[in-house]
1. Taking the criterion of being surrounded by 10 or more Cβ atoms within 10 Å (Cβ to Cβ), modelled with pLDDT under 95, closer than 30 Å to residue 8 by Cβ and in contact with a helix residue (DSSP H, G or I) (Cβ under 8 Å, 6 or more places away or on another chain), would at least one residue in the stretch 62-74 satisfy it?
2. Looking for whichever is within 13 Å of the chain's Cα centre (by Cα), within 30 Å of residue 4 (Cβ to Cβ) and part of a strand (DSSP E or B) here; the options are 14, 54, 66. Which one fits?
3. Under 6 Å between Cβ atoms, at least 6 apart or on separate chains: pull out the pairs that start in the stretch 1-12 with a residue that is within 19 Å of residue 63 (Cβ to Cβ) and end on any residue that is surrounded by 10 or more Cβ atoms within 10 Å (Cβ to Cβ).
4. Out of 87, 3, 83, which single residue is in contact with a strand residue (DSSP E or B) (Cβ under 7 Å, 6 or more places away or on another chain) and either at pLDDT below 95 or at negative phi (or both)?
5. Just to verify a result, which residue in the stretch 17-44, among those that are outside any loop (DSSP other than H, G, I, E, B) and out of contact with any strand residue (DSSP E or B) (no Cβ under 9 Å at 6 or more places or on another chain), is modelled with the lowest pLDDT?
6. Sort out which residues of the stretch 24-54 are exposed (fewer than 15 other Cβ atoms within 10 Å of the Cβ) and closer than 16 Å to residue 79 by Cβ, and write them in order of number.
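The values are calculated or read from the model by the stated rules, or taken from the named source; none is laboratory data. This is a predicted model, so every value here is computed, not measured. Positions of Cβ are generated from backbone atoms using ideal geometry, with glycine treated the same way; all protein chains shown enter the neighbour counts.
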């Protein structure tokens with residue numbers, strides 16, 4: 001019999017779990033990454049996706065479980081040029097703080 005526990009998190013709780021993030025370049029550099037499972041079928045291009053580098057599989061598991069519970073899609077990948085053995089990348093449609101940068105870029109476009 002499997003036991004289950006329920007924990008409560010807010011979306012902001014994941015901010016301390018990753019050390020690096022960027023807009024996705026997963027499809028631009030496919031030979032750089034190794035998939036850790038099946039890529040979601042709707043992940044077909046980099047546009048609208050983001051990458052988060054996370055140390056430790058427990059942190060990756062927590063990061064993805066929180067995002068999935070809020071309705072975001074996630075995919076765990078291995079960055080083959082990384083220096084750390086226990087570092088993973090999460091490919092996701094979660095924008096996080098990138099929404100601030102995207103808004104500033106759009107504002108700059110209109111203020112030219």
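1. No, the stretch 62-74 contains no residue that is surrounded by 10 or more Cβ atoms within 10 Å (Cβ to Cβ), modelled with pLDDT under 95, closer than 30 Å to residue 8 by Cβ and in contact with a helix residue (DSSP H, G or I) (Cβ under 8 Å, 6 or more places away or on another chain).
2. Details: 14 fails: part of a strand (DSSP E or B); 66 fails: part of a strand (DSSP E or B).
Step by step, each of 14, 54, 66 is checked, and only 54 is within 13 Å of the chain's Cα centre (by Cα), within 30 Å of residue 4 (Cβ to Cβ) and part of a strand (DSSP E or B).
3. Short answer, once both residue conditions are applied: 9/66; 11/70.
4. When all the criteria are applied, what remains is 87.
5. Of the residues in the stretch 17-44, the ones outside any loop (DSSP other than H, G, I, E, B) are 20-23, 30-35.
Then keep just the ones that are out of contact with any strand residue (DSSP E or B) (no Cβ under 9 Å at 6 or more places or on another chain); that gives 30-31.
On the way: 30: 92, 31: 95.
The residue in question is 30.
6. Those that are exposed (fewer than 15 other Cβ atoms within 10 Å of the Cβ) and closer than 16 Å to residue 79 by Cβ: 25, 28, 29, 30, 31, 34, 35, 37.
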